[in-house]
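Everything on this sheet refers to the single structure shown next.
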Protein chains: 2
Amino acid sequence: MSSQSVASLQTEVNRLRHELQTLKVEDQSPAAGDTIFVADYLLERLVQLGVTQMFGVPGDFNLGFLDYVENHQKIEWAGNCNELNASYAADGYARVKEGSIGVVTTTFGVGELSATNGIAGAFSEHVPVLHIVGVPSTAQQKSKPMLHHTLGDGRYDAYYKTFQQFTISQASITDAVSAAAEIDRVLTDCVVAARPVYLMLPTDVVHEKIPAKRLKTPLNKEPPENDAETEQFVLDEIMKLIKQADEDVVILVDACAIRHNVKHEVAELVKKSGFPVYAAPMGKTAIPESYERYGGIYVGSISRPEVKEKVESAKLILSIGALKSDFNTGNFTYHIPISRTIELHSDHTRVQFAAYHGIGMKHLLPKLTAHLQPLSDNARQLSVPKFLSPVPEEDNDIISHSWLWPRVAQFFKSKDVIVAETGTSSFGMLDVPLPEGAVFVSQILWGSIGWTVGSTLGAALAAREVGLGRTILFIGDGSIQLTVQELSVMMRMKVKPIIFLLNNSGYTIERYLHGEKAKYNDITNWRWTSLLTALGGTEGETCQSHLVNTKDELDALLKDEKFNRAETIQLVEMKMETHDAPRGLKVQAELSGKTNKYIALGLQTA
Amino acid sequence: MSSQSVASLQTEVNRLRHELQTLKVEDQSPAAGDTIFVADYLLERLVQLGVTQMFGVPGDFNLGFLDYVENHQKIEWAGNCNELNASYAADGYARVKEGSIGVVTTTFGVGELSATNGIAGAFSEHVPVLHIVGVPSTAQQKSKPMLHHTLGDGRYDAYYKTFQQFTISQASITDAVSAAAEIDRVLTDCVVAARPVYLMLPTDVVHEKIPAKRLKTPLNKEPPENDAETEQFVLDEIMKLIKQADEDVVILVDACAIRHNVKHEVAELVKKSGFPVYAAPMGKTAIPESYERYGGIYVGSISRPEVKEKVESAKLILSIGALKSDFNTGNFTYHIPISRTIELHSDHTRVQFAAYHGIGMKHLLPKLTAHLQPLSDNARQLSVPKFLSPVPEEDNDIISHSWLWPRVAQFFKSKDVIVAETGTSSFGMLDVPLPEGAVFVSQILWGSIGWTVGSTLGAALAAREVGLGRTILFIGDGSIQLTVQELSVMMRMKVKPIIFLLNNSGYTIERYLHGEKAKYNDITNWRWTSLLTALGGTEGETCQSHLVNTKDELDALLKDEKFNRAETIQLVEMKMETHDAPRGLKVQAELSGKTNKYIALGLQTA
C-alpha cells in the first residue's frame, strides 16, 4: 500500500473519530439551543488554531464574510494590496507561527486565481495555509448565471478544479447543515498535513445559523498514531544500524522538521544522543546554529569542504524531514549511499532500502530518543567542524558578497527573523551562522521571486505576536519589483522590518544561470530611497530610508544604535556589483548549467 | 449536435487542411534543406500574425528561448515587473491590435501560475493571447526530478491541467519533429477562436532545428465557412422576420463583434441597412459613437430612458456578438422577448427560439448585408435618440462623477484609446460618447481590479504601432495598488499614457455593493504625485505628475496644450468624494444588492 493511500485512510479514520466525538458532545450538551453564524463558526475554529491575522483582498463575493471578520475581537484583517501578496503573507505567517496556520481570503475567480502561485508554493514547501474564497450564493452555484468574475460559459467549477492541483483538501460548502463538518475537515487536514486547503464560502451560507456546541470538541492537530507493531520493528531496525555503525552517526535536519512541527522532538534527540547535527538549506535554524554539536549546512557539492567530508564519511545518516530538491541538495550531489541512510518523514520512514508507510516522525522521534539514551560515549566523541564565518579583509570599498554575509551575520541578534529572497540572498545566507533562537525563512524549493515581500509582512506580524525579535529581509532590486506594493501594508500594519535591498541592477541569479549580459535580465532602476514615502510613509517618522555605497557606510549603519532598534520600517539600499554573487550561487549555477542546455547566441559571455 | 462539438469538428477540419497544404509546399519546395531553430519558427509565425511585442518575465526555464527573442529583429521584449501584469499587457495589446494576438512568456510553475488570473480573463472576454511557458527539458519531463519550481511530488502536469481550464488549446511540445505542427495548431486556435492558448517550450527543444519551408504556408486566420444550405435557410428566416417587423429593427452590437473581428462587416451592415444601432457596454466603440444612426449604450434597466424605450419597443432586435453578463445587461434586465430576437455569434446563430450551430457571423454578416441592400426607406425613418452628454452646471467646486465624465468626454480626441478600470471608471464612461475612431477598452465581464494598469501598457504599445492616438487610463486609488509597478515599464518602453487617478480613498465600487463604511474597503493613501519618480521617472523630463482638487483645476489642466500633447507619461491625481459614484454604478449596485444577500452587522449604513 502506498504512503499516500495509508495516509488518506488514516486521515479518514481521524475525521470519523472527530465526528463521533462531536456527536457525543452534542448529545450531552445542556445548551443544545446555542447557535452561531457559519462565518463565526469558521472564525472561532481559526482562533482555536491560534490564528490572529487574516490576509486577503475584499471582493464582492466575500464582503459579507468580511463583516464578520471586521467585527471579530480576536482576528485582525490585514487587507493586502493584491491576492498574490496576500497568499505570500499567509505563508510567511504560518512559517513563523509554528503550529498555527496562515489564512488568506479572496473573491471568486479574479481574486482566488491571482493567489494560485502563492498557494502552490505553500503546497510545495509544506506550509499550512487556508484559502477561503467568497463565492456566489448556493442558488447561483446551481443556476450558473453569467455573473462577472465567471468564464462566461457556465463553468462554475473551473477554479475549484484549479485548486485541486495545489491543495490537499477542498470543500465547496453547499448548505448550512454540512458547513461545520466541512470546515472541520479541511482545517484538520491543513494542520495535520501542513499543506494548503481550499474552502468555498457562498454569500448566503455565511449568514446562516448552525449549532455552536460542536466548537467544544477541539480539532485534532496531531498526526495519527503509528501502528505499534510496525513502529517497534522500525525502531529495532534503526537501533541495529546505529550499533553496527559504532554510533558514527550524523543527523541531517531538513525543511519538514520545521514544517511538521517536530523541532522540539529533534532537539531532544540531538541533545540526548550527542550525534553531530547538520542542516540542509531548507532546514536552517531547525536546530539552533549556536548549538555546540551543530556543524552547519550540508548541501552536497556546494557544502563547505569540512562539512561535506564529515557528513559523507559518517557510517550512518539519520535524515529528518528531507525535501531533496535541486537547490536543497547542491543539484542532487549527495554522496551518501542508501545503505547508509535512514529517513524520517511526516508520514513514512525509510530504513536503507525499506519503506514503512504510515510510520510518521512525530510519534517515532520521542521513542527513538528514549532508545538512544543509554548510548555509549562514542557519539559524543565525534568531532564537529565549527560553523564560523569571519568577516574577510578586502582591499576595496565595494560591498562584495564575500564580505556582506559574514558582516551582517554579526548584526543579527537572538530571535531575529531573517527572510532571504530566492537567489543571491538565500545562497548568501547559507554560509553564515545565525544566533540562538533566530528563525530563517526562505523558499528554496518553490523559489518564486518576489515571495519574500509578502512573506515578510506575514512573518513580521507573527513575530510580533509570538515575541520574536526584528524581522530582517534581504532582497534584490529585481525581485522586489514583483510585489513591492506590500511595503505600504507593512506601514499600515505598523510592523517594522529592516529591508536590505541588494541593488545590483537586475536579476543576478538568472545572469548566473544564463544570459549574463542579456537585456532581459536588466530592470529599471527605481529611486529606492523615495519608495517608502511614495507608498505612504513619512520619512523619519513612519519610515526610514538609507543608501550605502561602501563597506564603511554599511558598517557604520549596522553599528548605529537607532538603526538597530528598528523603531520604524527601514529600507537600506546597498549598491553592489552587477556580476558579483555569493559562493554557493556560483557553484549552483555551474551545476545547473550542466543540466539546462543553452546555446551561445553571442549574447552571453558564459 | 452542440455548438461546441460542431466548432471543434470544424477546427479539426481546418487543421487537417492546413497540414495537407504544408505537406504540398514541403514536397514542391526546392530549398528542402533549409532549417530553422524551433524558437525562431515560433517567432516567425508570430511575426506573420502581426506580433511585434512580447510580454513576460525571465525565469530560468525560459532564458534560452529569450535569447532568440532578444536577437529577433521584429519582436521586442517588453520585460514586465511580474507575470500577472504581463498577462494583462498581452490582453490589452491584443484588444487594441485587432486581428493580431497578445503574447506572454513565463517560466515553469512560479511564473505561469502568477498569470492564471490574466489568462482566465482573456478566456472569459474572448481575447486571443498566447501563453508561452519555458519548461524543463524533455528528459526532465520524463524523469521528473524534484527541481525548484516543482510541487515536490513529481506532478509535472499540474500546471498544464490548470491551464486546460482557462485556454482553448494546449500544446506540450515533446520533440522537435512535432513542434511546428503543434505550434501551428495552437496559434490557429488562438486567432480563429479569439481565446487564449497554452504552449510549453522545453529548454532543449527551443534549440533544435527543424525544416523551415512549412513557414511558407500561412496560418489560417479565418473561421470555417458556414454550411451553405443551412446558411441560406438562416438568411431566409432572418429576412422573413425583418419583413414581418416592417423593418422596425434595431441592431445591438456587443463585445464579440470587436473580438471576433467583424467590426468592418457590422459597419457595412449598419450603413447599408440604415437600422438604428446601439451598443452594449462591452461593445462600446464597436460602432463609432459619432455615427448619426447610433443611439448610445443599451444596458437593460440601467440604460438612459430614451434608449431603453427605443430598443425594447423595436419589433425586432438584431444582436451581434452578445455576451450577456450581469454588468453588461443591467443585471439581466433586458426586456426583450426571445420571439423578437436574432442573435449572431462567432460560431452559431439564433433566430427566435431556433439555434443554428456552426453558422458563424464572420461569413453570415456580408451575406445578410447583401440581402438588406434593397430595403425600403422604413428603416431610415426610425428615429434615434442623440447620444449627448452635456457638462452640468454645479454650484460647488468638487470633482463629482456627474460632472467629471461629460467633462473628460470633451477632452478626448479622435483615435484616442480610452481604458476604464472596472468599477466607477467603466460605469462613468458608459454615459458619455467617444469621438470618431476612439477605442474603448474595459473588462466588464471578468472585472479583475488592477487589470487596466497592465492592459494600458499593452494597449499603448499597440496604439503606437497601429497609429492610434493617446492612451488614456481612468483608475481608482484602490485598483492601481494591485499592479502599480507596471508604471515603471511604461516609462522604460517610452509609452506616454495619461493616467487619471480617481483618489476617493478606497474601493468605491465595493462600498456601493456592500460595506459602505467598512474598514476593509479602506486603503492606504499613497503620495501619488511622487510615485512616477520613485518608480524611475524624472519629473518634468520623463514623467509629469499633476494634482487637481477642484473642477476649475481639472478644467484648466484639460485645456492645457502641453498636457494635451502627452509627450511623457502623466499622472493626474484627482481628489474626489469617497461616497460619490457614477449614475450607472449606483443603479447597478441597487440591482446587485437584491441578488447578494448581506445582513446588517452595524458596520455599513446601507
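The values are calculated or read from the model by the stated rules, or taken from the named source; none is laboratory data. Just so it is clear, the structure is predicted and the values come from calculations on it, not from any experiment. Cβ atoms come from the backbone with ideal geometry, glycine included; neighbour counts cover every protein chain shown. Ligands, DNA and RNA are excluded from the accessible area calculation, which covers all protein heavy atoms including side chains. Shrake-Rupley method; radii C 1.70, N 1.55, O 1.52, S 1.80 Å.
Looking at A:E112, A:E44, A:E98, A:E83 in this structure, which one is at the interface with chain B (Cβ under 10 Å from one of its Cβ atoms) and either open to solvent by 10 Å² or more (accessible area, probe 1.4 Å) or without any contact (Cβ under 8 Å) to a residue 12 or more places away in the chain (or both)?
Details: A:E112 fails: either open to solvent by 10 Å² or more (accessible area, probe 1.4 Å) or without any contact (Cβ under 8 Å) to a residue 12 or more places away in the chain (or both); A:E44 fails: at the interface with chain B (Cβ under 10 Å from one of its Cβ atoms); A:E98 fails: at the interface with chain B (Cβ under 10 Å from one of its Cβ atoms).
Sole residue among the options that is at the interface with chain B (Cβ under 10 Å from one of its Cβ atoms) and either open to solvent by 10 Å² or more (accessible area, probe 1.4 Å) or without any contact (Cβ under 8 Å) to a residue 12 or more places away in the chain (or both): A:E83.
Write out, first by first residue and then by second, each pair whose Cβ atoms fall under 8 Å of each other, whose residues are 6+ apart or on separate chains, and whose first residue, in the stretch B:550-561, is without any contact (Cβ under 8 Å) to a residue 60 or more places away in the chain while the second is buried (at least 17 other Cβ atoms within 10 Å of the Cβ).
B:L557/B:H546; B:L557/B:V548; B:L557/B:F563; B:L557/B:V572
Being part of a strand (DSSP E or B) and buried (at least 18 other Cβ atoms within 10 Å of the Cβ) narrows it down to one of B:T349, B:T285, B:T329, so name that one.
B:T349
Does A:L531 satisfy the condition of being part of a helix (DSSP H, G or I), closer than 22 Å to B:L84 by Cα, without any contact (Cβ under 8 Å) to a residue 40 or more places away in the chain and within 10 Å of another protein chain (Cβ to nearest Cβ)?
Against the criterion (part of a helix (DSSP H, G or I), closer than 22 Å to B:L84 by Cα, without any contact (Cβ under 8 Å) to a residue 40 or more places away in the chain and within 10 Å of another protein chain (Cβ to nearest Cβ)), A:L531 does not qualify.
I'd like the full set of residues that are without any contact (Cβ under 8 Å) to a residue 40 or more places away in the chain and within 10 Å of another protein chain (Cβ to nearest Cβ), limited to the stretch B:325-336.
B:F332 - this is the single residue of the stretch B:325-336 that is without any contact (Cβ under 8 Å) to a residue 40 or more places away in the chain and within 10 Å of another protein chain (Cβ to nearest Cβ).
For the stretch A:200-253, give me each residue that is open to solvent by less than 10 Å² (accessible area, probe 1.4 Å) and touching an Asp or Glu at 6+ places or on another chain (Cβ under 8 Å).
A:V205
Any idea which of (1) away from chain B (no Cβ under 13 Å); (2) surrounded by fewer than 24 Cβ atoms within 10 Å (Cβ to Cβ); (3) touching a helix residue (DSSP H, G or I) at 6+ places or on another chain (Cβ under 8 Å); (4) not charged (D, E, K, R) is the one A:L502 doesn't satisfy?
Only one criterion is unmet by A:L502, namely (2).
Filter the stretch B:443-459 down to the residues that are open to solvent by 10 Å² or more (accessible area, probe 1.4 Å) and more than 20 Å from A:C81 (Cα to Cα) and list them by number.
Hit for the stretch B:443-459 is B:I444, nothing else.
Could you check B:L558 against (1) more than 10 Å from every other protein chain (Cβ to nearest Cβ); (2) among the aliphatic types (A, V, I, L, M); (3) crowded, with 21+ Cβ neighbours inside 10 Å and say which number it fails?
Status for B:L558: all satisfied but (3).
Identify all residues within the stretch B:474-513 that are assigned to a loop (DSSP other than H, G, I, E, B), touching an Asp or Glu at 6+ places or on another chain (Cβ under 9 Å) and farther than 19 Å from B:E567 by Cβ; write none if there are none.
If the condition is that a residue be assigned to a loop (DSSP other than H, G, I, E, B), touching an Asp or Glu at 6+ places or on another chain (Cβ under 9 Å) and farther than 19 Å from B:E567 by Cβ, then B:N504, B:S505, B:G506, B:Y507 are the ones that fit.
So which residues in the stretch A:188-225 are touching a Leu at 6+ places or on another chain (Cβ under 8 Å) and away from chain B (no Cβ under 14 Å), if there are any at all?
A:T188, A:C190, A:V191, A:V197, A:L199, A:L219, A:K221
Just one of A:E516, A:E541 is part of a loop (DSSP other than H, G, I, E, B), among the acidic types (D, E) and modelled with pLDDT of 85 or more; which is it?
The unique qualifying residue is A:E541.
Of the residues that make up the stretch B:144-162, is at least one within 9 Å of another protein chain (Cβ to nearest Cβ), among the small types (G, A, S) and part of a helix (DSSP H, G or I)?
Yes, because at least one residue in the stretch B:144-162 is within 9 Å of another protein chain (Cβ to nearest Cβ), among the small types (G, A, S) and part of a helix (DSSP H, G or I).
Tell me, yes or no, whether the stretch A:199-221 has at least one residue that is of a type in the set (D, E), at pLDDT 95 or above and under 22 Å from A:V69 (Cα atoms).
Checked against the condition, which is being of a type in the set (D, E), at pLDDT 95 or above and under 22 Å from A:V69 (Cα atoms), the stretch A:199-221 yields at least one hit.
What are the residues in the stretch B:337-346 that are open to solvent by 30 Å² or more (accessible area, probe 1.4 Å) and in contact (Cβ under 8 Å) with a residue 24 or more places away in the chain, if any? Show your work before the answer.
In the first step, residues of the stretch B:337-346 are kept if they are open to solvent by 30 Å² or more (accessible area, probe 1.4 Å); the result is B:337-340, B:346.
Within the stretch B:337-346, B:R340, B:S346 meet the criteria.
Residue by residue, here is whether (1) charged (D, E, K, R); (2) surrounded by fewer than 22 Cβ atoms within 10 Å (Cβ to Cβ); (3) assigned to a loop (DSSP other than H, G, I, E, B); (4) free of Cβ contacts under 8 Å to residues at least 60 places away in the same chain holds:
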position	(1), (2), (3), (4)
A:I258	no, no, no, no
A:V266	no, no, no, no
A:S290	no, yes, yes, no
A:E309	yes, yes, no, yes
A:I317	no, no, no, no
A:A322	no, no, yes, no
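Only one of (1) surrounded by fewer than 24 Cβ atoms within 10 Å (Cβ to Cβ); (2) within 11 Å of chain A (Cβ to nearest Cβ); (3) in contact (Cβ under 8 Å) with a residue 60 or more places away in the chain is not met by B:K496, so which one is it?
Answer for B:K496: the failing condition is (2).
Open to solvent by 10 Å² or more (accessible area, probe 1.4 Å) and touching a residue at least 12 places away in the same chain (Cβ under 8 Å): is that true of B:I475 in this structure?
no
Would you say A:E421 is closer than 25 Å to B:L151 by Cα, among the charged types (D, E, K, R) and out of contact with any Pro (no Cβ under 6 Å at 6 or more places or on another chain)?
yes
For the list (1) farther than 21 Å from A:K221 by Cα; (2) in contact with a helix residue (DSSP H, G or I) (Cβ under 9 Å, 6 or more places away or on another chain); (3) outside any loop (DSSP other than H, G, I, E, B), I need the number of the one condition that A:V192 fails.
It is condition (1) that A:V192 fails.
Is at least one residue of the stretch A:359-370 closer than 21 Å to A:G584 by Cβ and open to solvent by 70 Å² or more (accessible area, probe 1.4 Å)?
no
Can you tell me which condition A:L487 does not meet? The list is (1) more than 9 Å from chain B (Cβ to nearest Cβ); (2) surrounded by fewer than 23 Cβ atoms within 10 Å (Cβ to Cβ), and all the others hold.
For A:L487, the exception is condition (2).
What are the residues in the stretch A:219-255 that are outside any helix (DSSP H, G or I) and closer than 30 Å to A:V47 by Cα, if any?
Scanning the stretch A:219-255 gives A:L219, A:N220, A:K221, A:E222, A:P223, A:P224, A:E225, A:N226, A:D254.
Please count how many residues of the stretch B:47-78 are away from chain A (no Cβ under 12 Å), open to solvent by 30 Å² or more (accessible area, probe 1.4 Å) and of a type outside the set (D, E, K, R).
4
Please name all residue pairs, on different chains or six or more residues apart, with Cβ atoms under 7 Å, provided the first residue is in the stretch A:173-190 and is at negative phi and the second residue is of a type in the set (D, E) and open to solvent by 10 Å² or more (accessible area, probe 1.4 Å).
These pairs meet every condition: A:I173/A:E182; A:A176/A:E208; A:A181/A:E19.
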